[in-house]
Amino acid sequence: MAIDLLLVDFGALYQPNASHISGGDDKDRVENDMIEIAIIMYHGAQQAAVLGMTDLLLAADRIATAVPSSASTPALVVSHWAAEGSEGALMRVYSSAPCGTTPSICILPPALDGPRDEADPVMTRWLQDRHADGAVLASICSGAFVLGATGLFDDRIVTTHWTYEDRFRGRFPRTAVDTDRIVIDDGDIITAGGVMAWTDLCMTIIARFLGDTVMMDVARGFLIDPPGREQSYYSGFSPHTGHKDEAILKAQRFLHESEGKIVDVPTLAAKAGLEDRTFLRRFQKATGHTTTEYWQRLRVSNAKTKMRDTGLPIDQIGWQVGYTDTSAFRKVFNRVVGLSPSDYRRRFAIRDRTPE
């Protein structure tokens, strides 16, 4: 049975530093099962995300106690971990309630100063040990670089902020990156995209452990979109250029200079100085996209800019970016972005633009 959050006092849902184990149903839930969610406060971790996740997850736990049969759901306990002492060992520096020694989920928050190129060996080993203990590991935005140092991303598909895609591919070549998606839940590893994707990650965790009913109640109460939006709504096209294949880089430069309007393979192969079949093979290996996927994304990225910044009709925008078939343009746009052109414009257009 859903809770009508219009009648819920959200100020009472989360009281910092107050134990939520108070007897009754809460006590039964803790004895039944407990999920400790450890938020790792590594150097540069965004404090707004750390505190926001703490609030959101503890509010979800409070809401879960009001759901009938809540004794069958686990209690969520949120802890903060930070390096302490001369050796930098990670220790629990805050916990919303007494908990055990092994977290169930470990989250690497985003960092506003961006990814760090050097790995912390103590942090890396700690995360590897927690994963070996059975913990789920999760990252948000640049936190993916910290988690990636464990080697646990090898041969997996993960996400990070779309502007970091090229840098991430260069550092972790054995990992597939899909920055179209905001959250990729791979069971024992969960990755989330941009800085504010911590809300999406929390919704995913709440749904997994407390159920969809609690998750939807939290989403309504905090005015958060439930899972379903994608990073592709917001991102531009950030092609991989750190691959060192100079022939393919020439073709990429030509595609961008021509705005993806000259796309026949013989012309592109000639720009690269390669035979057609060799060019196609090397292009996909270097960029992670087929030539068709690449120029489609380039055209769609240009179309998104025009939809945000101008009042041009959508069909005219499609023609300007290289499509003579407006139906084909709309289908490609929807597939790449996850929204129709009209929905995209309604959501992201600059409101005071002057129609052209």
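The values are calculated or read from the model by the stated rules, or taken from the named source; none is laboratory data. Since the model is a prediction, treat every value here as computed from it, not as a measurement. All Cβ positions, glycine included, derive from the backbone under ideal geometry; neighbour counts span all protein chains shown. Side chains are part of the model used for accessible areas, which takes the heavy atoms of the whole protein and leaves out ligands, DNA and RNA. Shrake-Rupley method; radii C 1.70, N 1.55, O 1.52, S 1.80 Å.
Taking a threshold of 23 Å on the Cα-Cα distance, which of the pairs Lys271/Lys331; Lys261/Lys331; Lys250/Lys285; Lys244/Lys285 fall above it?
Beyond 23 Å: Lys271/Lys331.
Figure the gain on full extension for Ile224 and Ala89 (residue separation times 0.36 nm, minus the Cα-Cα span) and round it to one decimal in nm.
45.1 nm
Can you tell me the accessible area per residue over the stretch 231-356, all protein chains present, probe 1.4 angstrom, in square angstrom?
53 Å²
In whole percent, what relative contact order does the stretch 138-288 give with Cα contacts below 8 Å and a gap of six or more residues?
RCO, the stretch 138-288: 20 percent.
If I take R0 = 45 Å and measure r between the Cβ atoms of Asp117 and Asp33 in this structure, what FRET efficiency does the formula 1/(1 + (r/R0)^6) give, to the nearest 0.05?
0.70
What's the carbon and sulfur percent of the chain's accessible surface, probe 1.4 angstrom, rounded to a whole number?
51 percent
Could you work out how far apart the two model spin labels at Lys331 and Arg125 are, taking each label as a point 7 Å from the Cα in the direction of the beta carbon, and quote it in nm?
Simple spin-label model gives 5.6 nm for this pair.
Asp245 versus Thr102, label points 7 Å from Cα toward the beta carbon: distance in nm?
The modelled label-to-label distance comes out at 4.4 nm.
Report relative contact order for the chain in percent, whole number only (criteria: Cα-Cα under 8 Å, sequence separation at least 6).
About 12 percent, as a whole number.
Between Phe254 and Arg347, what's the calculated FRET efficiency when r is the beta-carbon distance and R0 is 22 Å? Round to 0.05.
The pair Phe254/Arg347 has a calculated efficiency of 0.10.
Which of (1) 59, 41, 39; (2) 77, 49, 43; (3) 72, 48, 31 is the computed Cα extents along the principal axes in Å for the structure on display?
After the calculation, the listed value that fits is (3).
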